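The values are calculated or read from the model by the stated rules, or taken from the named source; none is laboratory data. As the structure is a computational prediction, the values presented were derived from the model and not from experiment. Positions of Cβ are backbone-derived with ideal geometry, glycine not excepted, and every protein chain shown enters the neighbour counts.
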């Protein structure tokens, strides 16, 4: 396995008694899916899709997720692998899910889930899914038509939240036949962005594996809100693994959100000086207090010389697939685009006539403005410039990816 990218929980969690920041605690109740049997279903008239969002492109993303390093962080939860991926089932019959208007206490998610649940039950009843009886490793994941919007849930206080995916279970006990008990879920595709769709899928897959039938790994502290208790819910960070969009998930053993990757990542810095041009000010007069044997004090003429300094910081990002790069100068974050950063500055002050001192040097500003340019959030370089008519500046550059 390659490097593991780590993140803090997506939302600050606090102890309900002290109010202090805490990490969540997850406890396993025993259930997990060791050898998942995944059935992807594409439901709606849009499929097989067009452009970048097609059945083929999503299936390729699924193969990348289950066949790469991404799921290796689930071993400590009881996952053994590998995931068996069945051929996709494509149902192009029209899909229309009327959603109730958002209002306090209204859950549009429940309406979508009811429709998908009923559809899967119909498939089971009509023998449309092979090897379903007594197959507790089965995970049925339905990719909805992009025409179905992401549902919005509203609590009683009127606070709204969007939902892009869901997972649950079907548990039908039949005393005359084998029990039908398996995991299912749905994924919205209304973004029409392939990386977003595969990231939502990875989130629901991880939670289906680690918390099947509601008796697996769930958060016990701090007590979660309804629907927020699984290992993917405290982590919403996005990453790219083997070219496929994925979501981070909680690793209870190390108390961080993780995305396992295939490669080894290295970051190094270098710089080039693009300009170092002197700029002279107006002639001035200085004074040197010499001993009497040398003729006493002497005046001399001089000019104040400052420089225009332009340089580029280069970040060599080896092994990163889609890095987001952060730069800071003297502790100040460099934003995207053009900006200015105020940094400390000092001046070399020449000795002046003690009787008639040149006080203007003592009024020099103790800061200088540094102009920065960062082309994008993923830029592997930034450019900076400072001067002329600025003092001596000392810059510390830090970069993270």
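Residues in region 253-266 that are touching a strand residue (DSSP E or B) at 6+ places or on another chain (Cβ under 6 Å) and in contact (Cβ under 8 Å) with a residue 60 or more places away in the chain: how many? Steps first, please.
Looking only at region 253-266, we keep the residues that are touching a strand residue (DSSP E or B) at 6+ places or on another chain (Cβ under 6 Å), and these are 256-261, 266.
Filter once more, keeping what is in contact (Cβ under 8 Å) with a residue 60 or more places away in the chain: 256-261.
Total meeting the criteria: 6.
Go through region 284-323 residue by residue and tally those that are within 30 Å of residue 374 (Cα to Cα) and at pLDDT below 90.
Taking region 284-323 first, the residues within 30 Å of residue 374 (Cα to Cα) are 305-323.
Retained after the next criterion (residues that are at pLDDT below 90): 305-306, 317-323.
Number of matching residues: 9.
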- Message: Condition check: over 17 Å from residue 111 (Cα atoms), within 24 Å of the chain's Cα centre (by Cα) and either assigned by TED's automatic domain parsing to the domain that holds residue 208 or surrounded by fewer than 20 Cβ atoms within 10 Å (Cβ to Cβ) (or both). Does residue 181 satisfy that?
- Response: no
- Got at least one residue in region 14-26 being under 22 Å from residue 236 (Cα atoms), surrounded by 18 or more Cβ atoms within 10 Å (Cβ to Cβ) and either modelled with pLDDT under 95 or touching a strand residue (DSSP E or B) at 6+ places or on another chain (Cβ under 8 Å) (or both)? yes
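For region 189-210, indicate whether the set of residues that are more than 30 Å from residue 323 (Cβ to Cβ) and more than 20 Å from the chain's Cα centre (by Cα) is non-empty.
So in region 189-210, the residues more than 30 Å from residue 323 (Cβ to Cβ) come out as none.
Checking region 189-210: not a single residue is more than 30 Å from residue 323 (Cβ to Cβ) and more than 20 Å from the chain's Cα centre (by Cα).
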- Return yes or no: is residue 94 touching a residue at least 40 places away in the same chain (Cβ under 8 Å), farther than 17 Å from residue 205 by Cα and under 32 Å from the mean Cα position of the chain (by Cα)? no
- Query: What is the one condition in (1) under 30 Å from residue 242 (Cβ atoms); (2) without any contact (Cβ under 8 Å) to a residue 60 or more places away in the chain; (3) part of a loop (DSSP other than H, G, I, E, B) that residue 169 does not satisfy?
  - Reply: (3)
- Query: Can we say residue 253 is touching a helix residue (DSSP H, G or I) at 6+ places or on another chain (Cβ under 8 Å), assigned by TED's automatic domain parsing to the domain that holds residue 144 and farther than 28 Å from residue 39 by Cβ?
  - Reply: yes
- Message: Going by what's in this entry, would residue 272 be described as surrounded by 12 or more Cβ atoms within 10 Å (Cβ to Cβ), under 27 Å from residue 397 (Cβ atoms) and outside the structural domain of residue 60 (by TED's automatic domain parsing)?
- Response: no
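Is there a residue in region 95-105 that is within 17 Å of residue 186 (Cβ to Cβ) and in contact with a strand residue (DSSP E or B) (Cβ under 6 Å, 6 or more places away or on another chain)? Give the steps one after another, and end with the answer.
Taking region 95-105 as the starting set, the residues that turn out to be within 17 Å of residue 186 (Cβ to Cβ) are 95-99.
If we keep only those that are in contact with a strand residue (DSSP E or B) (Cβ under 6 Å, 6 or more places away or on another chain) too, we end up with 95.
The answer is yes; a qualifying residue exists.
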- Task: Find the residue count for region 99-136, including only residues that are in a loop (DSSP other than H, G, I, E, B), over 32 Å from the mean Cα position of the chain (by Cα) and surrounded by fewer than 18 Cβ atoms within 10 Å (Cβ to Cβ).
- Result: 9
- All conditions in (1) farther than 22 Å from residue 47 by Cα; (2) touching a helix residue (DSSP H, G or I) at 6+ places or on another chain (Cβ under 7 Å) are true of residue 135 except (2)
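Counting only residues that are closer than 30 Å to residue 302 by Cα, touching a strand residue (DSSP E or B) at 6+ places or on another chain (Cβ under 8 Å) and at pLDDT 90 or above, give me the strands (runs of 3 or more DSSP E) lying completely in region 339-401 with at least 3 of them. Steps first, answer last, please.
Details: elements: 367-374, 381-386, 397-400.
Passing ranges, in order: 367-374, 381-386.
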- Item | Filter result (in a loop (DSSP other than H, G, I, E, B), over 18 Å from residue 76 (Cβ atoms) and either modelled with pLDDT of 95 or more or under 14 Å from the mean Cα position of the chain (by Cα) (or both)) within region 234-280 | 236, 237
- Query: Would a scan of region 212-225 turn up a residue that is in contact with a helix residue (DSSP H, G or I) (Cβ under 6 Å, 6 or more places away or on another chain), within 21 Å of residue 256 (Cα to Cα) and part of a loop (DSSP other than H, G, I, E, B)?
  - Reply: yes
- Options 79, 63; residue that is touching a helix residue (DSSP H, G or I) at 6+ places or on another chain (Cβ under 6 Å) and assigned by TED's automatic domain parsing to the domain that holds residue 140: 79
- Looking at (1) on the phi < 0 side of the Ramachandran plot; (2) at pLDDT below 95, can you tell me which one residue 227 breaks? (1)
- Just need a number here: residues in region 206-236 that are within 15 Å of residue 24 (Cβ to Cβ) and in contact with a strand residue (DSSP E or B) (Cβ under 6 Å, 6 or more places away or on another chain). 12
